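In what follows, a structure is listed as structure tokens, so that the remarks can point back to it.
The values are calculated or read from the model by the stated rules, or taken from the named source; none is laboratory data. Quick caveat: nothing in here was measured; it's all calculated off a predicted structure. Here the Cβ positions follow ideal geometry from the backbone for every residue, glycine too, while neighbour counts run over all protein chains shown. Remember, those area values only see protein heavy atoms, side chains included, never the ligands or the DNA or RNA. Shrake-Rupley method; radii C 1.70, N 1.55, O 1.52, S 1.80 Å.
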Amino acid sequence: MAFQMTLKVPVTLAGVGLHTGEAIRLSILPAPSDAGISFRRVDLSPPVDIPARAERVVDTSLATVLARDGVSVSTVEHCLAALAGLGVDNAVVEVDGPELPILDGSAGPYVRSILAVGLREQRARRQVLRVLKPVRVEVGDKFAILMPAPRFRVTYTIDFDGRIPGSQHYYLDVDADSFAAELSQARTFGFLQDVQYLRTLGKAKGGSLDNAVVIDGGKVLNPEGLRMPDEQVRHKILDAVGDLALAGRSIRGHLVAHKAGHGVHVELVKALLARTDAWVLESGEELETAPPPWRHGFRPSYPLVPAHA
């Protein structure tokens with residue numbers, strides 16, 4: 001797509017915060033060309049805007065947390081993934097609390113809401129960050145690399161050393177169609193013992209089987225089971241799509257990641273932006289390849305399951 005995109009009209013979603021357990025309302029508003037993505041805490045007076053940029057990340061231990069002037073907003077990755085995955089360049093995400101609602105634990109509710117109202121093409125040309133040289137971040141046995149590629153693609157591996165879900169591998173060329181069909185429904189996941197420990201720390205108050213895949217003793221506790229056999233690694237890619245959106249522009253390159261997570265994703269974005277010899281901005285007609293899916297009645301091939309929230 002050669003031109004920038006925003007929503008035609010605002011969309012609103014509501015649910016509970018994963019960690020606070022509080023009711024949260026969120027609205028995604030159209031924004032002008034070149035505005036980028038930002039989060040607005042409307043529960044404060046005056047409201048505080050926090051740009052969705054890597055330099056605003058203050059924590060990645062349990063979710064991706066952004067902050068500005070002492071004001072933070074947490075668990076932004078699923079919303080960012082939906083916006084980036086569908087090709088939205090400009091939007092303001094208004095939220096009336098310190099974290100975004102977890103909804104059903106995936107990006108599916110965001111995708112359905114955005115597709116329901118549609119996108120609007122803007123006058124300004126889109127700029128894409130094209131990777132020219134490999135950039136690598138390594139933390140212990142975890143790593144992530146961005147390499148040159150003709151489009152955005154991801155190769156991701158997770159490995160839990162014999163514990164369910166074990167080792168999973170997934171490769172995907174990511175565009176609006178494949179994101180909605182193959183990634184958007186994959187839910188966040190965790191182990192029951194970790195959830196119980198987090199609750200002793202005052203976290204995960206809103207977590208439940210309605211908004212996460214919970215594993216205990218090698219079994220998935222959710223009555224409905226998994227949405228796809230490799231749901232866990234697909235969710236890791238979903239998180240990566242959201243975290244890489246913190247570059248402020250779409251990336252054209254190949255992400256290869258092993259046992260990575262929010263922290264490694266964000267450090268990779270920072271490392272890429274710091275290596276000005278490793279990328280170039282492209283804009284104009286060279287970005288136009290095929291008509292974007294929203295132009296021809298896009299419907300993902302994978303069924304978008306109903307949200308629990």
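Out of (1) of a type outside the set (Ser, Thr, Tyr); (2) surrounded by 15 or more Cβ atoms within 10 Å (Cβ to Cβ); (3) not in a strand (DSSP E or B), the odd one out for GLN122 is which?
(3) is the only condition that GLN122 fails.
Which number in (1) surrounded by 17 or more Cβ atoms within 10 Å (Cβ to Cβ); (2) touching a strand residue (DSSP E or B) at 6+ places or on another chain (Cβ under 8 Å); (3) not acidic (Asp, Glu) marks the one condition that ALA176 misses?
Looking at each condition in turn, ALA176 falls short on (2).
Considering region 181-232 alone, what residues qualify as being under 20 Å from GLN168 (Cβ atoms) and aliphatic (A, V, I, L, M)?
Listed by number, the residues that qualify are ALA181, LEU183, ALA186, LEU192, ALA212, VAL213, VAL214, ILE215, VAL220, LEU221, LEU226, MET228.
Pairs please, first residue from region 1-24 and among the aromatic types (Phe, Trp, Tyr), second anywhere and in a strand (DSSP E or B), Cβ atoms under 8 Å, 6+ apart in sequence or on different chains.
Sorted first by the residue in region 1-24, then by its partner, the pairs are PHE3/GLU121; PHE3/GLN122; PHE3/ARG123; PHE3/ALA124; PHE3/ARG125.
State all residues of region 154-171 that are of a type in the set (A, V, I, L, M) and open to solvent by 20 Å² or more (accessible area, probe 1.4 Å); if no residue qualifies, say none.
Across region 154-171, the qualifying residue is only ILE164.
Specify which of the listed residues (SER33, SER61, SER38, SER45) is of a type in the set (S, T, N, Q) and modelled with pLDDT under 95.
Being of a type in the set (S, T, N, Q) and modelled with pLDDT under 95 holds for just one of SER33, SER61, SER38, SER45, which is SER61.
Report yes if some residue within region 142-149 is closer than 22 Å to LEU273 by Cα, among the basic types (Lys, Arg) and in a loop (DSSP other than H, G, I, E, B); otherwise report no. Explain how you work it out, then say what you get.
Within region 142-149, the first condition is being closer than 22 Å to LEU273 by Cα, and the residues that meet it are 142-149.
From what is left, the residues that are among the basic types (Lys, Arg) are 142.
Of the ones still in play, those that are also in a loop (DSSP other than H, G, I, E, B) are none.
No; the residues of region 142-149 include none that is closer than 22 Å to LEU273 by Cα, among the basic types (Lys, Arg) and in a loop (DSSP other than H, G, I, E, B).
Given the criterion out of contact with any strand residue (DSSP E or B) (no Cβ under 8 Å at 6 or more places or on another chain) and surrounded by fewer than 17 Cβ atoms within 10 Å (Cβ to Cβ), identify the matching residue among GLN185, GLN196. Steps first, please.
Details: GLN185 fails: surrounded by fewer than 17 Cβ atoms within 10 Å (Cβ to Cβ).
The conditions single out GLN196.
Matching residues to (1) open to solvent by 50 Å² or more (accessible area, probe 1.4 Å); (2) under 23 Å from LEU18 (Cβ atoms):
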{"position": "ILE102", "(1), (2)": "no, yes"}
{"position": "LEU115", "(1), (2)": "yes, no"}
{"position": "VAL131", "(1), (2)": "no, no"}
{"position": "MET147", "(1), (2)": "yes, no"}
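Go over the candidates LEU86, LEU44 one by one and state the one that is on the phi < 0 side of the Ramachandran plot and touching a helix residue (DSSP H, G or I) at 6+ places or on another chain (Cβ under 6 Å). Walk me through how you get there before you give the answer.
Working: LEU44 fails: touching a helix residue (DSSP H, G or I) at 6+ places or on another chain (Cβ under 6 Å).
Exactly one residue qualifies, and that residue is LEU86.
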